[in-house]
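The values are calculated or read from the model by the stated rules, or taken from the named source; none is laboratory data. Computed from a prediction, not measured in an experiment: that's the story for all the values here. Here the Cβ is made from the backbone with ideal geometry for all residues, glycine too, and neighbour counts use every protein chain on show.
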């Protein structure tokens, strides 16, 4: 099977080396041929089609039998992208994850994918809500001095 590996990190301070290494090892164990490794440094909250590297992958999707990710949340944490991903990988190129079984060709596989996506999108939203509550409390107590502007936890 001919595959592309897609790895993503949220910030410039992070790197994808560990994801790439794990995906390469997984592909080798399965006897898959790696044609391309895509490394993305975009927030998971950013829409898929706003990411240059993901758009490049979509433009060449017909070259691969599958796209391998370390984990589904490495693709996106944007709930609106869930249906798009199902459409991109409905026929032809498969979506594979090292961390969870995915089969977008079956009803039960799509259900599992949707549940995993729901959790992946929920977690950063929930964290931001809790963070806002904590910041409001700290401001009222005079303990909040400000945070790092633009910091994303996705």
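Quick one: which of 96, 104 is surrounded by 16 or more Cβ atoms within 10 Å (Cβ to Cβ) and either farther than 26 Å from residue 29 by Cβ or out of contact with any helix residue (DSSP H, G or I) (no Cβ under 7 Å at 6 or more places or on another chain) (or both)? Full working, then the answer.
Values: 104 fails: either farther than 26 Å from residue 29 by Cβ or out of contact with any helix residue (DSSP H, G or I) (no Cβ under 7 Å at 6 or more places or on another chain) (or both).
Answer to the selection: 96.
Consider the range 17-50. How many of its residues are in contact (Cβ under 8 Å) with a residue 24 or more places away in the chain, farther than 15 Å from residue 98 by Cα and within 14 Å of the chain's Cα centre (by Cα)?
Residues meeting the conditions: 12.
Examine the range 115-124 for a residue that is surrounded by 13 or more Cβ atoms within 10 Å (Cβ to Cβ) and modelled with pLDDT of 80 or more, and state whether such a residue exists.
Going residue by residue through the range 115-124, those that are surrounded by 13 or more Cβ atoms within 10 Å (Cβ to Cβ) are 116-117, 120-121, 123-124.
Still in the running and modelled with pLDDT of 80 or more: 116-117.
Taking every residue of the range 115-124 in turn, at least one turns out to be surrounded by 13 or more Cβ atoms within 10 Å (Cβ to Cβ) and modelled with pLDDT of 80 or more.
For the range 51-65, which residues satisfy the criterion of being crowded, with 20+ Cβ neighbours inside 10 Å and more than 13 Å from the chain's Cα centre (by Cα)?
57, 64
Mind counting the residues in the range 55-72 that are farther than 16 Å from residue 111 by Cα and either modelled with pLDDT under 90 or in a loop (DSSP other than H, G, I, E, B) (or both)? Give the derivation first.
Taking the range 55-72 and keeping what is farther than 16 Å from residue 111 by Cα, we get 55-71.
Add one more test, that the residue is either modelled with pLDDT under 90 or in a loop (DSSP other than H, G, I, E, B) (or both), and what stays is 60, 64-65, 70-71.
Residues meeting the conditions: 5.
Filter the range 94-123 down to the residues that are within 21 Å of residue 5 (Cα to Cα) and assigned to a loop (DSSP other than H, G, I, E, B), then identify the one that is farthest from the chain's Cα centre (by Cα).
Only one residue fits best here, namely 105.
Say whether the condition of being exposed (fewer than 15 other Cβ atoms within 10 Å of the Cβ), modelled with pLDDT of 90 or more, in a helix (DSSP H, G or I) and in contact with a helix residue (DSSP H, G or I) (Cβ under 7 Å, 6 or more places away or on another chain) is met by at least one residue in the range 18-40.
Restricting attention to the range 18-40, the residues satisfying the condition of being exposed (fewer than 15 other Cβ atoms within 10 Å of the Cβ) are 18, 21, 25, 28-31, 33, 35.
Narrowing further to those that are modelled with pLDDT of 90 or more: 18, 21, 25, 28-31, 33, 35.
Right, trim to in a helix (DSSP H, G or I) and you get 18, 21, 25, 28-29.
Filter once more, keeping what is in contact with a helix residue (DSSP H, G or I) (Cβ under 7 Å, 6 or more places away or on another chain): none.
No, the range 18-40 contains no residue that is exposed (fewer than 15 other Cβ atoms within 10 Å of the Cβ), modelled with pLDDT of 90 or more, in a helix (DSSP H, G or I) and in contact with a helix residue (DSSP H, G or I) (Cβ under 7 Å, 6 or more places away or on another chain).
Over 22 Å from residue 119 (Cβ atoms), surrounded by fewer than 19 Cβ atoms within 10 Å (Cβ to Cβ) and in contact (Cβ under 8 Å) with a residue 40 or more places away in the chain - does that describe any residue in the range 75-87?
First, pick out the residues of the range 75-87 that are over 22 Å from residue 119 (Cβ atoms): none.
No, because not a single residue in the range 75-87 is over 22 Å from residue 119 (Cβ atoms), surrounded by fewer than 19 Cβ atoms within 10 Å (Cβ to Cβ) and in contact (Cβ under 8 Å) with a residue 40 or more places away in the chain.
Identify, by number, the condition in (1) on the phi < 0 side of the Ramachandran plot; (2) touching a residue at least 24 places away in the same chain (Cβ under 8 Å) that residue 92 doesn't meet.
(1)
Based on this model, can you work out whether residue 12 counts as in a loop (DSSP other than H, G, I, E, B) and more than 23 Å from residue 116 (Cα to Cα)?
Working: in a loop (DSSP other than H, G, I, E, B): yes; more than 23 Å from residue 116 (Cα to Cα): yes.
It is true that residue 12 is in a loop (DSSP other than H, G, I, E, B) and more than 23 Å from residue 116 (Cα to Cα).
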